[in-house]
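S.K.: Quick one: structure below, then a few questions.
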Amino acid sequence: MGTKRQITEYLDIDLEKELWCCNRCGRELISARENYKKGCRVYVRKDLTTIYGSALKGPFTFAPDPEWAMLVEFYCPGCGVMVENEMLPPGHPVTYDIELDIDELKKKYLKAEKK
Amino acid sequence: MRPDPQKLLQWIKPNKPTEKELECLKLLQPGDYEIYTEKLNNFLLESKEVFLKLGVSSMLRSGDLVTGIYAPSGEMVAAWCGTYLHAVIGQLPIKYVAETWLKDPTVGCKDGDIFYCSDPLYGGIHNCDQIVVMPVFNEGELIAWTNAAVHQPETGACEPGGMPLTAKTRHDEGMLLSPIKIGENFRLREDLVEMCVNLMSRAPRMQAIDMRARLSAADRLRSRLVALAKEKGNDFVKGLFRRIIIEAEEGTRRRIREWNDGTYRAVTFMDIVGEKHRLVRNFLTLKKEGDTLTWDFTGTSPETDSPQHCMPHGLAANVAIHLMSYSFADLPVSAGIFGPMDWKVPEGCMFNPHFEAAQSNSAPSCHGAMTLGTICMSKLMFDSPQRELVAAAIGNTGVGVLISGVNQWGVPVADFLAFGLNTEGHGARSDMDGVDAFGFSHCPSGRAPDVEDIENEFQFLNLVAKLSRDSGGFGKFRGGSGTETIYAVNYVDYALYNSHVKGSKIRNCLGLFGGYPPPTLPGIEVKHTNLWEKMKRGDKDIPTGAVQLITERAIKGDYEISSIFKKVHVMENGDMWVVFSGGGGGYGDALERDPRAVIEDLKKQAISPWTAENVYRVVYDPKTLDLDEEETIAFRRKEREDRISRSLTWDEFQKEWSKLRPPEEVLEYYGSWPDGKKTREIIRM
Ligand SMILES: [Zn+2]
């Protein structure tokens, strides 16, 4: 593990390099001081029947209304694992969901490591 | 005078201990804290049982209720939960009574007094939630308060069911009681009971019985506390109460301190405003610094002329359901938990509206915020010793479906169909699937009422009640399944039906770490059916599920698939309708789900063959359901490669995405796009 810390199911932070990395394949994504989503491949799933099926026809089904919602999927560019997704109205800004205090994190864990 | 919203919000937090209380702490011998905390919990359990057995309305009978013990200052000491939100806001009317009426010469407060309230402006949640409060005196000294609260499904509002979608102001919402003294000498005053019952002329019997059920529960608790004080002394009780609050606060701070400092954000969307499908946004920025948490809801859409609002204290109490049932579930349910927390809820947003705003739909309006709390806390707790408490969101549809009219016994009724309400899917966790049909989003311990029991009480047949296929969010761990129920009007010529269920356009439940949100929920009604004929004939093709009902159409009638959200309307004898409760959010990438778990899901019909193939990418023999492990690995590898080739870089994505925008009509109440700032004044008549 070295100086890596697992922050989510699919993301580590390399504390010395200050980088978000894929937990599955190790791929380095982007600076840990940035939104990790910027380091991912991004896919906009406009047709949500590809996930929720099409058992019902018409304007009301088991899939969200495409004028109201799309799924934005974030993949690791190395291994293609889905790191996160967001259900957003079309064009709504992507959320900067995890903004860690990197200096505090380094203080907390690198110090402990050196001990 | 009515307390201002900021004061009510502050009242959720514990007070500084008094000198006297600190002195009383010393009366506790080793072991006393553990023994007598447990004793209080037993008192609560007993009072809950009394409550449950004496009441009649459906949420009460489902256990969606609370009984609580509060310090003389009004601080929450312990509660049976039940509805955690009611435990938290239970403090506020008590603090109001203590501050305002205790020394008022025209009111006062003595042994045997009974207070009653329901107005959110005085600390309640919404008009429906009626709370009884009793002071506890021993040897002339006020040593505690007890309460008992439960949602009353009729309020005498402009529509049946207490939560009118057409309400424009609080004046459309029926009875709103500021805390009043409703009884003395341990008895309710019959003139005041009559006033309440008279206001509830759509369901007078329920009001009359449930008021007494509340009082009986609170009084049982009161009598147990008096006995405890007689045995151990008033000062011992004071010390015990303060110790519980201190333990909870210290435990909460200790846990928060261990977590990573940072800022966590989440956004979710609700698809109902008033009677219309419109988009509004809920936004949370959760800041963790040292041993404190700050909950900032800036960015939430503005108030409207609808009843979908909540007061800041109600918002905090709803978000606290997650805190008390996950993050701090092992600590006492007391005010101490809120010591390290601050709340920022901007004035003029839907969670801090003008006092004249309608807010009868406040509890369902908080479901998005409840999702946000769960998601932000889970992201905060993943890299911590609390990883096992990490979860995607609960269904959070708040299955508010109501039936009213005159039942088969000639009695006027207006009540929830509490089966769906108490069977939402739990969010998937970091190490397991979400619990199927776990309970009520506001009350994890809530239980769906017995089907035959409710058929006896109400004018309908419950044709189907079962777990709903493909209803939990897909992921490495699957969100808990919701349920589907099919009803038909029975015995009577007609009944009135309405539904506050959200999520036909977009769900406000989220998955976590690549887990998918659960599907949307359509509304299905079939009118002028031949159901009774078919049942009489003993036809074998009567549907056993919602999709079967709509695709096979074995029952003749006029089929309508529209929104699950319904204004109050007439349903005639034999007319049928479907209620879905929402499944929970999924956790992790669906391609990482153990293929054997996918086969198990197929066997128990938790998912469809279509989902196994297209979402989970599992290869199996459709006849024997034998898994082909090698082909599955290859199928999944191919999908991962496809993901990389079909996706864009961040910059490419931004260029395309920023050009999109929902239709103007959908954004009518959203506020400014995309940041949800107030764009107009609301004028209320
Ligand atoms: Zn990877």
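The values are calculated or read from the model by the stated rules, or taken from the named source; none is laboratory data. Keep in mind that this is a model prediction, so the values were computed, not measured. Positions of Cβ are generated from backbone atoms using ideal geometry, with glycine treated the same way; all protein chains shown enter the neighbour counts.
S.K.: Among the residues of the stretch B:278-302, write down those that are surrounded by fewer than 23 Cβ atoms within 10 Å (Cβ to Cβ), of a type outside the set (S, T, N, Q) and part of a loop (DSSP other than H, G, I, E, B).
M.R.: Correct list: B:R278, B:G290, B:D291, B:G299.
S.K.: If you don't mind, there's one more thing I want to ask. For the stretch B:577-611, enumerate the residues that are crowded, with 22+ Cβ neighbours inside 10 Å and small (G, A, S).
M.R.: B:S581, B:G582, B:G583, B:G584, B:G585, B:G586, B:G588, B:A590, B:A606
S.K.: Identify, from the list A:G26, A:G53, the residue that is without any contact (Cβ under 8 Å) to a residue 60 or more places away in the chain, within 10 Å of chain B (Cβ to nearest Cβ) and on the phi > 0 side of the Ramachandran plot.
M.R.: A:G53
S.K.: With the structure loaded, tell me whether A:V94 is at pLDDT 95 or above and within 7 Å of chain B (Cβ to nearest Cβ) or whether it fails that test. Steps first, please.
M.R.: Working: at pLDDT 95 or above: yes; within 7 Å of chain B (Cβ to nearest Cβ): no.
Criteria not met by A:V94.
S.K.: Something else about it: Would you mind finding the one in B:I506, B:I524 that is without any contact (Cβ under 8 Å) to a residue 60 or more places away in the chain and within 11 Å of chain A (Cβ to nearest Cβ)?
M.R.: On the way: B:I506 fails: without any contact (Cβ under 8 Å) to a residue 60 or more places away in the chain.
Going through B:I506, B:I524 in turn, the sole match is B:I524.
S.K.: Could you please find all residues in the stretch A:9-43 being part of a loop (DSSP other than H, G, I, E, B) and within 14 Å of the ligand (Cβ to nearest atom)? Talk me through it step by step, then tell me what you get.
M.R.: Of all residues in the stretch A:9-43, those part of a loop (DSSP other than H, G, I, E, B) come to A:9-10, A:15-18, A:23-27, A:32-35, A:40.
Selection gives A:E9, A:Y10, A:N23, A:R24, A:C25, A:G26, A:R27, A:C40.
S.K.: Related question: Check off (1) over 23 Å from B:T263 (Cα atoms); (2) free of Cβ contacts under 8 Å to residues at least 60 places away in the same chain; (3) within 14 Å of the ligand (Cβ to nearest atom) for A:K46 and give me the number that stays unchecked.
M.R.: Every condition holds for A:K46 apart from (3).
S.K.: So, one more: Considering only residues of the stretch B:627-680 that are in a helix (DSSP H, G or I) and hydroxyl-bearing (S, T, Y), which is farthest from the other protein chains (Cβ to nearest Cβ)?
M.R.: Residues of the stretch B:627-680 that are in a helix (DSSP H, G or I), as a first pass: B:629-646, B:650-657, B:664-667.
Still in the running and hydroxyl-bearing (S, T, Y): B:632, B:645.
Details: B:T632: 16, B:S645: 9 Å.
Result: B:T632.
S.K.: Of the numbered conditions (1) more than 7 Å from chain B (Cβ to nearest Cβ); (2) outside any strand (DSSP E or B), A:W68 satisfies every one except a single condition; which is it?
M.R.: Going through (1) more than 7 Å from chain B (Cβ to nearest Cβ); (2) outside any strand (DSSP E or B) one by one, A:W68 breaks only (1).
S.K.: Identify, from the list A:E99, A:E86, A:E73, A:E67, the residue that is within 16 Å of the ligand (Cβ to nearest atom) and in contact (Cβ under 8 Å) with a residue 12 or more places away in the chain.
M.R.: On the way: A:E99 fails: within 16 Å of the ligand (Cβ to nearest atom); A:E86 fails: within 16 Å of the ligand (Cβ to nearest atom); A:E67 fails: within 16 Å of the ligand (Cβ to nearest atom).
Of the residues listed, the single one that is within 16 Å of the ligand (Cβ to nearest atom) and in contact (Cβ under 8 Å) with a residue 12 or more places away in the chain is A:E73.
S.K.: Kindly list the number of the only condition in (1) in contact with a Pro (Cβ under 8 Å, 6 or more places away or on another chain); (2) within 30 Å of A:E104 (Cβ to Cβ) that fails for A:Y36.
M.R.: Going through the list (1) in contact with a Pro (Cβ under 8 Å, 6 or more places away or on another chain); (2) within 30 Å of A:E104 (Cβ to Cβ), A:Y36 breaks only (1).
S.K.: Determine whether A:G91 is surrounded by 17 or more Cβ atoms within 10 Å (Cβ to Cβ) and under 29 Å from B:I506 (Cβ atoms).
M.R.: Spelling it out, it is not the case that A:G91 is surrounded by 17 or more Cβ atoms within 10 Å (Cβ to Cβ) and under 29 Å from B:I506 (Cβ atoms).
S.K.: Another question, then. Testing B:G557 on (1) small (G, A, S); (2) free of Cβ contacts under 8 Å to residues at least 40 places away in the same chain; (3) out of contact with any Ser or Thr (no Cβ under 6 Å at 6 or more places or on another chain), one condition comes back false. Which one is that?
M.R.: (3)
S.K.: Which of the following residues is within 14 Å of chain A (Cβ to nearest Cβ), buried (at least 20 other Cβ atoms within 10 Å of the Cβ) and aromatic (F, W, Y): B:Y487, B:Y516, B:Y559?
M.R.: On the way: B:Y487 fails: within 14 Å of chain A (Cβ to nearest Cβ); B:Y559 fails: buried (at least 20 other Cβ atoms within 10 Å of the Cβ).
B:Y516 is the lone residue from the list that is within 14 Å of chain A (Cβ to nearest Cβ), buried (at least 20 other Cβ atoms within 10 Å of the Cβ) and aromatic (F, W, Y).
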